[in-house]
Amino acid sequence: MTLWSGRFTTSMDATLWNLSESYSFDHVLYHHDIMGTKAHVGGLQRSGLLSEGELEEILAALDQIEAEFDRGVFVRSGSDEDIHMAIERRATELAGDVGAKIHTSRSRNDQVATTLRLFTRDALVEVAGATLDLVRALQEAGEKSPGAYLPGYTHLQRAQPVLLTHHLSAHAWSLLRDVDRLMDNRDRMNVSPLGAGALAGTSLPIQPATTAGLLGFKEPFANSMDAVSDRDFVAETLFDIAMIGIHLSRMGEELVLWTSAEFNFATLGDDFTTGSSMLPQKKNSDVAELARGKSGRFVGNLTGLLVTLKGLPLSYNRDLQEDKEPLFDSLRNVVLVLAALSGAYRSLTFHVASAEEAANDPFLVAIDIAEKLVEEGVPFRRAHEEVGKLVAEAVSTGVSLRDVVAASERYARFIELFEIGAALRQRRSPGGSGPVPAIEQAQRLHGVIEQLTKRLRDESAS
Ligand code: ARG
C-alpha cells in the first residue's frame, strides 16, 4: 500500500510502477532527505503542530533510519516509491502513531526540492575542491621543469615559444573560473523551498524562515510555485560541469598529442597509462582520452535536462523527476575525471630537450625581427612584409631563416635573436610569456587560488 492509497480502488499496474519508481536511483539522497525532514519536524514543533515529546520520538526514528542506511541494512518495502516515501514509511514503523504527523503541511514537491538542493549544495563543494586540486597538479607539473619552454600554437601550427608554466597556467585560469562559477551557483541556489507545500503553501501556521535557518539556507523562498518548480540550480550545475568537462577535454586532447611519438613532449607515468592487449610496445594515454570522451555525456546531461524543463507548465510536474539521474551521473563522472587527471599531471615527465628543440625552430623568431624593426621606427605592416619576404626566401631555398638573416646586410644585426631562448627572454608585455611577466602572473594565480580555497572553506563550514 502506498502512502497515498486513500482515494484509489486498485493498486498501480506493474508497468507504471517500474516507470514511476525512483528509489532505485534516488536512495543516495537519504542523508539530505533526513536532514530536511529533521528541520521540517523541528519547524512543526516550533509552530505548535508537534509536542516536544513527539518531536523527540520522530528525531530518534530518523537517527535510526540514517544509521540503517549508513550500515547498508535499510530494507526497502515493496511500496516505497522513492527515498522520501521510504523514510516516512520506516519512521512511522519505528515511531508509531506520531509518524503519521511527519508529513503535516509538507508535500513531496517541496520535500524533493529541498532534499535535492541540500545534496547539490554539498556536491558543488566536492567538485570545486577536486577542480582546485587539478589546478595545483598543473602548477606542480610546471614547477618540476623550471624555465622549460615549448612551442605555443595557433591553428596547431607553431607560433611563438612559450614557457611551460605559462602554458599549463592557461589551463589553470580556466579551471579557476570554473571553481568561481560553482561557488556562485552555490550561493544563488542556497534558498530553501521547504514550506511551499504542494504548490501554494498551507493554512497551518508554519514558518519557512525557521526551517530555512535550521538547514543553513540563506533565506526561504518568496513564491511557493516557483519553489516547487525551480530546477535552475540543477541546470546550472550541469552547465558548470559541462564547462569543466570541455576544459578537461581540451587538456585531454593536448596530453594525447604531447605523449604521441610525433610530438614527444611528455610521457605519463606507468601508473597513469594502459597497455595494449595485442601490441606489446603500446603505452596509451587512456586517461586523457577518457577526459576528452566524458565531455560528451556532460553536454548530453545538460541538454537532456534543459529539454525536459522546456515547456513545463507551473508548477510541479512529474517530468522533474528526470532531473536526478543526469545530475548524479555528471557529478560522479566529473569527480572521477578530475581526480585521475590530477594524478596524470603529477605523474607527467616533460621532455624538456625535445619540446625546446621544437620551440627553437628559427621561423618562430620572425615576429621578433619584425618587432626589432618597429623599435627602429619601421611601421609594423612594412616590417611584417619585409620579414615575410625573408621567410619566403628561407622556404623556397630550404636555407634556415637564421642563415638567411645572417647572410643579409640589412638584417644580420638581428642574429642574436636566434640564440637559444632569446626571443622568450625579451618578451615582457604583462600577461605574456616571458620570465618577467611570469613573476606577476604567478603572484596573481597564487592570490586567486588562495581566495577560492578560502571561499570554499568558509562557505562549506557555514
Ligand atoms: N520522486 C519524485 C521526484 O523526484 C518525488 C516527488 C513526487 N511528487 C509527486 N507529486 N508525485 O520528483
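To keep it simple, each residue is scored yes or no on (1) touching a Gly at 6+ places or on another chain (Cβ under 6 Å); (2) more than 16 Å from the ligand (Cβ to nearest atom); (3) under 20 Å from L194 (Cβ atoms); (4) β-branched (V, I, T).
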site: L94; (1), (2), (3), (4): no, yes, no, no
site: K101; (1), (2), (3), (4): no, yes, yes, no
site: S107; (1), (2), (3), (4): yes, no, yes, no
site: L116; (1), (2), (3), (4): no, no, yes, no
site: R121; (1), (2), (3), (4): no, yes, yes, no
site: E126; (1), (2), (3), (4): no, yes, no, no
site: L132; (1), (2), (3), (4): no, yes, no, no
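Within segment 74-90, the set of residues being assigned to a helix (DSSP H, G or I) and in contact (Cβ under 8 Å) with a residue 40 or more places away in the chain comprises I83, H84, M85, A86, I87, E88, R89.
If the condition is being without any contact (Cβ under 8 Å) to a residue 12 or more places away in the chain and not basic (K, R), then segment 433-449 contributes V436, P437, I439, E440, Q443, H446, G447.
Check whether at least one residue in segment 320-336 is farther than 21 Å from A123 by Cβ, within 16 Å of the ligand (Cβ to nearest atom) and acidic (D, E), and report yes or no. Spell out how you get there, then give the answer.
Initial filter on segment 320-336 (farther than 21 Å from A123 by Cβ): none.
No, the conditions are met nowhere in segment 320-336.
Applying the condition of being of a type in the set (S, T, Y) and surrounded by fewer than 18 Cβ atoms within 10 Å (Cβ to Cβ) to segment 70-92 and asking which residue is nearest to the ligand (Cβ to nearest atom) yields S79. Filtering segment 194-226 to residues that are in a helix (DSSP H, G or I) and touching a strand residue (DSSP E or B) at 6+ places or on another chain (Cβ under 8 Å) leaves P208, A209, T211, A212. Considered as a group, the residues in segment 397-447 that are hydrophobic (A, V, I, L, M, F, W, C) and in a loop (DSSP other than H, G, I, E, B) include one that is farthest from E357 (Cα to Cα), and that residue is V399.
For first residues located in segment 288-311 and closer than 19 Å to T131 by Cβ and at pLDDT 95 or above, partners that are part of a helix (DSSP H, G or I) and of a type in the set (D, E) and lie 6+ apart or on another chain with Cβ distances below 9 Å form the pairs A288/E253; A288/E254; A291/E253; R292/E253; R297/D329; F298/D329; N301/E325; N301/D329. Across segment 18-58, the number of residues qualifying as free of Cβ contacts under 8 Å to residues at least 24 places away in the same chain and within 16 Å of the ligand (Cβ to nearest atom) comes to 3. Of the residues that make up segment 228-248, is at least one closer than 19 Å to H40 by Cβ, assigned to a helix (DSSP H, G or I) and among the hydroxyl-bearing types (S, T, Y)? No, every residue in segment 228-248 fails to be closer than 19 Å to H40 by Cβ, assigned to a helix (DSSP H, G or I) and among the hydroxyl-bearing types (S, T, Y). Restricting segment 91-118 to residues that are small (G, A, S) and outside any helix (DSSP H, G or I), the residue that is nearest to the chain's Cα centre (by Cα) is S107. Out of (1) in contact with a Ser or Thr (Cβ under 7 Å, 6 or more places away or on another chain); (2) within 16 Å of the ligand (Cβ to nearest atom), the odd one out for L62 is which? Against the list (1) in contact with a Ser or Thr (Cβ under 7 Å, 6 or more places away or on another chain); (2) within 16 Å of the ligand (Cβ to nearest atom), L62 comes up short only on (2).
For segment 361-384, the tally of residues that are touching a Phe, Trp or Tyr at 6+ places or on another chain (Cβ under 6 Å) and charged (D, E, K, R) stands at 1. Set side by side, the residues D178, D133, D184, D232 differ, and just one is of a type in the set (D, E, K, R) and touching a His at 6+ places or on another chain (Cβ under 9 Å), which is D178.
Each residue in segment 148-174 was checked for being part of a helix (DSSP H, G or I), among the aliphatic types (A, V, I, L, M) and surrounded by fewer than 19 Cβ atoms within 10 Å (Cβ to Cβ), and 1 pass.
The single condition from (1) surrounded by 17 or more Cβ atoms within 10 Å (Cβ to Cβ); (2) within 30 Å of N185 (Cβ to Cβ) that K454 fails is (1). Of all residue pairs spaced 6 or more apart or on separate chains, those with beta-carbon atoms under 7 Å, a first member in segment 115-127 that is touching a residue at least 40 places away in the same chain (Cβ under 8 Å) and more than 13 Å from R332 (Cα to Cα) and a second member that is more than 16 Å from the ligand (Cβ to nearest atom) and basic (K, R) are R121/R186.
In the set T267, T211, T202, T237, only one residue is in contact with a Pro (Cβ under 9 Å, 6 or more places away or on another chain), in contact (Cβ under 8 Å) with a residue 60 or more places away in the chain and of a type in the set (V, I, T); that residue is T211.
Kindly provide the set of residues from segment 216-240 that are crowded, with 16+ Cβ neighbours inside 10 Å and of a type in the set (S, T, N, Q), ordered by number. Listed by number, the residues that qualify are S224, S229, T237. Among residues of segment 249-282 being of a type in the set (S, T, Y) and within 18 Å of S347 (Cα to Cα), the one that is surrounded by the fewest Cβ atoms within 10 Å (Cβ to Cβ) is S260.
The values are calculated or read from the model by the stated rules, or taken from the named source; none is laboratory data. Since the model is a prediction, treat every value here as computed from it, not as a measurement. Here the Cβ is made from the backbone with ideal geometry for all residues, glycine too, and neighbour counts use every protein chain on show.
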